[in-house]
Amino acid sequence: MPIILDHVTYKYSTGTAYEKTALSDVCLTIPDGQFIGIIGHTGSGKSTLVQHLNGLLKATEGTIYYNGKDIYDKTFDMKDLRTQVGMVFQYPEHQLFETTVFEDVSFGPKNQGLPKKDVDLRAYEALSSVGIPQEVCDSSPFELSGGQKRRVAIAGVLAMKPAVLILDEPTAGLDPKGRDEILDLIQETHRRSGNTVILVSHSMEDVASYVDRIIVMDGGKVKYDDTPKEVFKSYKELEEIGLAAPQVTYLMKELKEAGWPVKSSVTTVSEARDEIIKALKK
Amino acid sequence: MLRDITIGQYYPADSKIHSLDPRVKLLATLVYIISLFMVDDVFSLLFISVALAAVIVTSKVPFTYIMRGLHSIIILLIFAAAFNIFLTPGIPIFTIWKLNVTKEGIKSAAVMMIRMIYLIAGTSLMTLTTTPNALTDGLEKSLSPLNKINVPVHEIAMMMSIALRFIPILIEETDKIMKAQMARGADFESGSIIKKAKNMVPLLVPLFVSAFRRANDLAMAMEARCYHGGEGRTKMKPLKYQKGDAVAYVLLAAYLAGVIIIKIVTNSIL
Amino acid sequence: MKSIKQMMIEARGLSHEYFRRDDDGNVTEIVNALSGVDINVKPGQFIAILGHNGCGKSTLAKHINVLLTPSDGTLYVSGMDVKDEDNTIDIRRNAGMVFQNPDNQIIASIVEEDVAFGPENIGVETDEIWKRVEKSLKSVGMLEYRDHSPNRLSGGQKQRVAIAGVMAMQPKCIILDEATAMLDPVGRKEVLSAVKELNREKHVTILWITHYMEEVTEADYIYVMDKGKIIMEGSPKGVFSQVELLREHRLSVPQITELAFELKEEGLPLPDGILTREELIEELNKCRLS
């Protein structure tokens, strides 16, 4: 079920001194099953963009088609859209509210109107997929560690089995291990269920090794939209807009300039390692 | 949206009103409010209108900005006006379904509306032209005699200024949590009042948890910066009366005298 | 006594334990948030403390600022014993602290008034406060924002205001407890370079607490913590050469160091603890020539 954004513009505080265009004339097609990274610095419009995809924000101009249907149409079922397009906000652990972990994860499926049996089943499934042990399910979500809370909050959205999963900075504030764990589990659910995943991030290094496609946002516009390799070729321009390519990309560029027979479009450590070994063997 | 709430927000500008001592502005606001409830005749209201308009112009705060504070109470205003129109006894002018519309009713509704609007305009003007810190400083200083009877004036003032600082942050947070729960299918709009109240739980619990976490963090940050109550504290901007403040006090006295004189004169004529 | 005076921060066997209680108030567990921590920080140094979330690094920071007191061991800050309550305000003035959440440490609604909060608390005269506010805001490059509301600043700018607020108390040392954890890369860079400048230009001792390895490659000395203990210490080179040990403690190394490590595993004759691209290229060129 593809999502198509057709010339979407979003302005807020219209008519006041603080009027600001957060998105301007964004056109995108998001086909099924892609793993997409949306990158941009704070204020680039990346969070605003994803909040349009499940109808939390309404475009000032332009429209969005979900599954071929205009989501701003009066007959369009917005509630259904929100169950299809799941959204994990920044610091999602701040939205936990129930008395037990299990109840909290059940909140989404319950709102979907599923029978109790299915709700329970989904909650269990989601919790085990994020690696929360059974014995924790009955404890209060407020007693968990920071990393666990984050995973419970993500499970709360996974339990709704969204066809499209959006995560806004899911690794913010986590330590390196916690970050890798979260990204790995997102990749795992993507592989298993084949859902579309949209990962919003300001960290190039995080995103490069996971996604199929990178959308770079700057000043409310789509600046680049391509595979990581292609996007990182423009590392100089990326730097100008407050982003940077992974360190290994720089290294390989410099090696190439120093006369090494290596590809410069390298984005991960393991790729770089293989390239260097290959070059040394020549 | 929630972002548009202006009460308690400061509008930076370089005007005579902005640079007044907050104590002057506090007293002036108090006198102004009392004067609003003293009068109900056309001449007095006209006099107050002129005074208010003069202050608004001097303050350099855009008129629309002041009036935006009215949005939040418009329904209350309409209700209050309706009650006044229909329920004030007096000479009926006409009748809508068993309800008499009286001359007195219309008059008292009009006076009430003007009072409410002026009240909001006047008080917003004070908060718009005074930084929250200056405002609490002013309160702290004006109320300091109460310290003698063990009222923790400094602590109250500090709490107020912190509350003012955190209102915009908590509003933003509410917006965010609301969206996050809506993304999980929460419904904050439809249903009966009881259902609506119940539906607020997923919003209120995280909001309280977050407010407590923030309070805890802030208390620690304040301690780390050597905060230990009002004792031995100095001020970056200590309150000191300037020439302008004396002029303002004279004008304020003139205003009060004006209101009283008009009141006496109109009373004796009517 | 002389050796204590020379140290900015000196901890010996510093321990902190607290009781965890169930709903009825019965003690269920004794948690050792810190156990036997020894650290030395000399005046003017840039010291980093690394560790994953929950390793005890924030607990340590709070001791240095007397927000917590030790259960055991000793801690001297600028020669003053933290256990002596008369020293509390003096210690806090000498060792200022910047916290993680930019929103939750700005007290006033105007930037300059917030910076003045510390000096006001310690009774600095009005004229002097104005001078200090101006100087501190300038030192972090935020002077032009002096009459702004903090709410409209970016995360990096808010943190710089918080640093200015500490600087206005003229401390000898600043402790930054994950001050960049909630910022984006631009903000992180902003704050780190502001702090490095204070260290370099004003010789303020810095205790930089983080889990971002990239930030501490230039530190004078690094302590790595886990489970309330110091598990590794040394120069950045020394610490980052132990890639596997760091990984065991939920930490990672900078990408370049990781690549060098993996190349070494493949049999390349590279030295341990390569931190920068220049170093790696130089070493790789050597490999290629031989």
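Name every residue in the range B:101-154 that is touching a residue at least 60 places away in the same chain (Cβ under 8 Å) and not in a helix (DSSP H, G or I), in order of residue number.
Hits for the range B:101-154 are B:130, B:131.
I'd like to verify a number: residues in the range C:132-157 that are more than 11 Å from chain B (Cβ to nearest Cβ), in a helix (DSSP H, G or I) and of a type in the set (Lys, Arg), how many?
2
Which of the numbered conditions does residue A:135 fail, given that it passes all the others? Conditions: (1) more than 21 Å from residue C:52 (Cβ to Cβ); (2) within 14 Å of chain B (Cβ to nearest Cβ); (3) assigned to a helix (DSSP H, G or I); (4) not small (Gly, Ala, Ser).
(2)
Considering only the range B:186-209, state which residues are within 11 Å of another protein chain (Cβ to nearest Cβ), surrounded by fewer than 20 Cβ atoms within 10 Å (Cβ to Cβ) and small (Gly, Ala, Ser).
Across the range B:186-209, the qualifying residue is only B:190.
Does residue B:223 qualify as being more than 21 Å from residue B:31 (Cα to Cα), within 14 Å of chain C (Cβ to nearest Cβ), modelled with pLDDT of 90 or more and open to solvent by 70 Å² or more (accessible area, probe 1.4 Å)?
Yes, satisfied.
Going by what's in this entry, would residue C:195 be described as within 13 Å of the chain's Cα centre (by Cα), open to solvent by less than 10 Å² (accessible area, probe 1.4 Å) and either away from chain A (no Cβ under 12 Å) or not small (Gly, Ala, Ser) (or both)?
Answer is yes for this residue.
Kindly evaluate residue C:165 against the criterion of being at the interface with chain B (Cβ under 9 Å from one of its Cβ atoms), open to solvent by less than 30 Å² (accessible area, probe 1.4 Å) and over 25 Å from residue B:168 (Cβ atoms).
Criteria not met by residue C:165.
Report yes if some residue within the range A:140-155 is surrounded by fewer than 23 Cβ atoms within 10 Å (Cβ to Cβ), among the basic types (Lys, Arg) and farther than 25 Å from residue C:212 by Cβ; otherwise report no.
no
How many residues are open to solvent by 30 Å² or more (accessible area, probe 1.4 Å) and farther than 13 Å from residue C:209 by Cα when one looks only at the range C:48-77?
Total meeting the criteria: 7.
Can you tell me which of A:230, A:254 is of a type in the set (D, E, K, R) and facing chain C (nearest Cβ under 9 Å)?
Going through A:230, A:254 in turn, just one is of a type in the set (D, E, K, R) and facing chain C (nearest Cβ under 9 Å): A:254.
Can you name the residue in the range B:226-250 that is open to solvent by 60 Å² or more (accessible area, probe 1.4 Å) and of a type in the set (Phe, Trp, Tyr) and, of all such residues, is nearest to residue B:59 (Cα to Cα)?
If we take residues in the range B:226-250 being open to solvent by 60 Å² or more (accessible area, probe 1.4 Å) and of a type in the set (Phe, Trp, Tyr), then B:249 is nearest to residue B:59 (Cα to Cα).
This table checks each residue for (1) farther than 22 Å from residue A:178 by Cβ; (2) out of contact with any Phe, Trp or Tyr (no Cβ under 7 Å at 6 or more places or on another chain); (3) within 14 Å of another protein chain (Cβ to nearest Cβ).
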site	(1), (2), (3)
C:8	yes, yes, no
C:26	yes, yes, no
C:38	yes, yes, no
C:45	yes, no, no
C:59	no, yes, yes
C:67	yes, yes, yes
C:75	yes, yes, no
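Residues to consider are C:90, C:23; find the one that is in a loop (DSSP other than H, G, I, E, B), among the acidic types (Asp, Glu) and open to solvent by 30 Å² or more (accessible area, probe 1.4 Å).
So the residue among C:90, C:23 that is in a loop (DSSP other than H, G, I, E, B), among the acidic types (Asp, Glu) and open to solvent by 30 Å² or more (accessible area, probe 1.4 Å) is C:23.
Could you tell me whether residue A:235 is more than 11 Å from chain C (Cβ to nearest Cβ) and under 21 Å from residue C:276 (Cβ atoms)?
Spelling it out, residue A:235 is indeed more than 11 Å from chain C (Cβ to nearest Cβ) and under 21 Å from residue C:276 (Cβ atoms).
Could you tell me which residue of the range A:238-247 is farthest from the other protein chains (Cβ to nearest Cβ), considering only residues that are over 23 Å from residue A:270 (Cα atoms) and part of a loop (DSSP other than H, G, I, E, B)?
Checking each candidate, the answer is A:241.
How many residues are of a type outside the set (Ser, Thr, Tyr), open to solvent by 50 Å² or more (accessible area, probe 1.4 Å) and in contact (Cβ under 8 Å) with a residue 24 or more places away in the chain if we restrict to the range C:202-232?
So the answer is 7.
Per-residue answers, yes or no, for (1) among the β-branched types (Val, Ile, Thr); (2) open to solvent by less than 60 Å² (accessible area, probe 1.4 Å); (3) closer than 21 Å to residue B:256 by Cβ:
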| position | (1), (2), (3) |
| --- | --- |
| B:43 | no, no, yes |
| B:53 | no, yes, yes |
| B:59 | no, yes, yes |
| B:87 | no, no, no |
| B:96 | yes, no, no |
| B:102 | yes, yes, no |
| B:109 | no, yes, no |
| B:119 | no, yes, yes |
| B:144 | no, yes, no |
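Quick one: in the range A:257-282, which of the residues that are open to solvent by 50 Å² or more (accessible area, probe 1.4 Å) and not in a helix (DSSP H, G or I) is nearest to the other protein chains (Cβ to nearest Cβ)?
Among those residues, the one meeting the criterion is A:258.
Would you mention how many residues in the range C:245-275 are open to solvent by 40 Å² or more (accessible area, probe 1.4 Å) and among the small types (Gly, Ala, Ser)?
1
Name the residues in the range B:187-236 that are out of contact with any Ser or Thr (no Cβ under 8 Å at 6 or more places or on another chain), assigned to a loop (DSSP other than H, G, I, E, B) and closer than 22 Å to residue C:165 by Cβ, would you?
Of everything in the range B:187-236, those that are out of contact with any Ser or Thr (no Cβ under 8 Å at 6 or more places or on another chain), assigned to a loop (DSSP other than H, G, I, E, B) and closer than 22 Å to residue C:165 by Cβ turn out to be B:225, B:226, B:227, B:228, B:229, B:230, B:231, B:232, B:233.
Would you confirm whether or not the range A:166-176 contains a residue that is among the hydroxyl-bearing types (Ser, Thr, Tyr), over 24 Å from residue A:95 (Cα atoms) and in a loop (DSSP other than H, G, I, E, B)?
No, that holds for no residue.
Hey, any hits in the range A:75-94 for a residue that's assigned to a helix (DSSP H, G or I), touching a Lys or Arg at 6+ places or on another chain (Cβ under 6 Å) and not aliphatic (A, V, I, L, M)?
Yes, the conditions are met somewhere in the range A:75-94.
Is it true that some residue in the range A:184-199 is within 14 Å of chain C (Cβ to nearest Cβ) and crowded, with 21+ Cβ neighbours inside 10 Å?
No, the range A:184-199 contains no residue that is within 14 Å of chain C (Cβ to nearest Cβ) and crowded, with 21+ Cβ neighbours inside 10 Å.
Step by step: first the residues of the range A:79-112, then only those that are more than 9 Å from chain B (Cβ to nearest Cβ), open to solvent by 40 Å² or more (accessible area, probe 1.4 Å) and closer than 26 Å to residue A:2 by Cβ, then the one that is modelled with the highest pLDDT. Which residue is that?
By that ranking, first place goes to A:84.
Of the numbered conditions (1) closer than 23 Å to residue A:171 by Cβ; (2) acidic (Asp, Glu); (3) in contact (Cβ under 8 Å) with a residue 24 or more places away in the chain, residue A:98 satisfies every one except a single condition; which is it?
(1) is the only condition that residue A:98 fails.
The values are calculated or read from the model by the stated rules, or taken from the named source; none is laboratory data. All values reported here derive from a predicted model rather than from experimental measurement. FYI the Cβ positions are ideal-geometry reconstructions off the backbone, even for glycines, and counts take in every protein chain you see. The accessibility values were calculated without ligands, DNA or RNA, using every heavy atom of the protein model including side chains. Shrake-Rupley method; radii C 1.70, N 1.55, O 1.52, S 1.80 Å.
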